[in-house]
Amino acid sequence: MKIITYRKDGGPVSTGVVIGADVLDITAWIAALPLSGQAEQHHAAAGTAPPSGGIMRLLQAGSRALDMLAIHVQKAQAQAQLPSSTCPLKGVQLYAPVPRPGKIIGVGRNYADHAKETGVAPFETPRIIFKMPSSVAAPGAAVARPESVTKMDFEAELAVVIGGYGKDVAESQALALVAGYTILNDLSAREFQFDISPAQTTFAKSMDGFAPMGPWLVTADEIKDPQTLDVSCWLNGAQMQHGHTADMLFPVATLIAYLSRFMTLEPGDVIITGTPAGIGAFRTPPVYLQPGDQLRFEVSGIGSMAHQIA
């Protein structure tokens, strides 16, 4: 399934499933879902209110919720006419499928070719980086380059959306924790990452709009092996990056197991898994993003996402 967060005709932000060229609205269906026992315990311990709807409630309803949703969608498709709760996909405004993740966890230099272009030997353990959740932007957004930033750069990445609570997860069981996958551009202000000491990598990657994500979440049942995907980026029509997730130094399952040794992964957390070679900073001469630039990203099995620089 392809799950989207969207708005129609200026109405409320809603959640839907893409069926061909249409969207089946599941906002009310999600709102009626009970939370999983783990989610209830988590909110009680933290003193936080559970989400009343949206994709975060869907993810906090437990792994069976996605199975139930698949049945709900199948029933809708089996009808002679799609329900009145459908609308054309081309007529909606898309938002990031997970508009405000709990955590965005990045992995530096996780592709062998990218590690090589940086001149650094491959790491023996994952190099963990964080992006602030407030940096998320919608697919199709015009992301403003901050006035004082001159080295704004792109990174095409496969993003993994966590669908359960996980601590000390065995690598053999790690992919069971995945709800689905999407695309994220890990925008970075390189002057704060490379030109100062100590590097301010989290700051460089967390400016407003620096995490365009989308266009949808493809559920994990449709991508059996995340290490079989092509990852590509085009800038103004010219291909800048093309890699394959088989070249990751630390595969998705390894990353989940490693991270869960140190922190509890929670529904709605996003792990961005690194970028292949071809980023602007390591080209000769370097290529940095300018207002008016058009970017497009593709990950096989997911689709494409585009946005521009303002």
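The values are calculated or read from the model by the stated rules, or taken from the named source; none is laboratory data. Source: prediction; values computed, not measured. Every residue, glycine as well, gets a Cβ built from its backbone with ideal geometry; the counts of neighbours run over all protein chains shown. Note: areas computed on protein heavy atoms with side chains; ligands, DNA, RNA excluded. Shrake-Rupley method; radii C 1.70, N 1.55, O 1.52, S 1.80 Å.
Take the chain, connect every pair of alpha-carbon atoms lying under 10 Å apart with a spring to form a Gaussian network, then pick out the residue of 47, 164, 37 with the largest mean-square fluctuation.
Between 47, 164, 37, it is 47 that shows the largest mean-square fluctuation.
Per residue, how much accessible surface does the stretch 55-200 expose to a 1.4 Å probe? Answer in Å², no decimals.
Per residue, the stretch 55-200 has 46 Å² of solvent-accessible surface.
List the trypsin sites (Lys or Arg not before Pro) in the stretch 155-264 that DSSP assigns to loop (not H, G, I, E or B) and whose Cβ has at most 15 other Cβ atoms within 10 Å. Which are they?
167, 224, 261
From the square roots a ≥ b ≥ c of the eigenvalues of the alpha-carbon gyration tensor of the stretch 32-155, which class results: rounded (a/c under 1.5), prolate (a/b over b/c), or oblate?
prolate
Between residue 239 and residue 48, 0.36 nm times their residue separation minus their Cα-Cα distance comes to what?
Result for the pair: 64.3 nm of gain on full extension.
Taking only Cα atoms of the chain, what ratio of Rg to Rh do you get with Rh as the Kirkwood inverse-distance radius?
Expressed as Rg/Rh, it is 0.96.
If you build the convex hull over the alpha carbons only and average its shadow over all orientations, what do you get for the stretch 180-230? Give it in nm² to one decimal.
Mean shadow area of the hull around the Cα atoms is 4.7 nm².
Let me have the 222 nm mean residue ellipticity of the chain computed from DSSP H runs of 4+ only, each contributing -39500 (n - 2.57), with the sum over all residues rounded to the nearest 500.
-5500 deg cm²/dmol
Take the Cα of residue 167, step 7 Å along the line toward its Cβ, and report every residue of the stretch 266-282 whose backbone nitrogen sits under 16 Å from that point.
It comes to 266-267, nothing else.
Dipole of the stretch 47-185 (Lys/Arg Cβ +1, Asp/Glu Cβ -1, origin at the Cα centre): which of 169, 92, 138 lies farthest to the positive side?
92
For the stretch 171-191, list residues with backbone N below 13 Å from a point placed 7 Å from the Cα of residue 7 toward its Cβ?
none
For the chain, with all protein chains present and a 1.4 Å probe, just round the carbon and sulfur fraction of the accessible area to a whole percent.
Summing carbon and sulfur atoms, their accessible area is 53 percent of the total for the chain.
Loop by DSSP (not H, G, I, E, B), at most 15 other beta-carbon atoms within 10 Å: where is the longest site-free stretch of the chain for GluC sites (Glu not before Pro)?
By the stated rule (loop sites, at most 15 other Cβ atoms within 10 Å), 148-310.
With a Förster radius of 41 Å, plug the Cβ-Cβ distance of residue 85 and residue 40 into 1/(1 + (r/R0)^6) and report the FRET value to the nearest 0.05.
After rounding to 0.05, the efficiency reads 0.90.
Using a 7 Å offset from the Cα along the Cα-to-Cβ direction at both residue 148 and residue 31, what is the distance between the two label points in nm, to one decimal?
4.4
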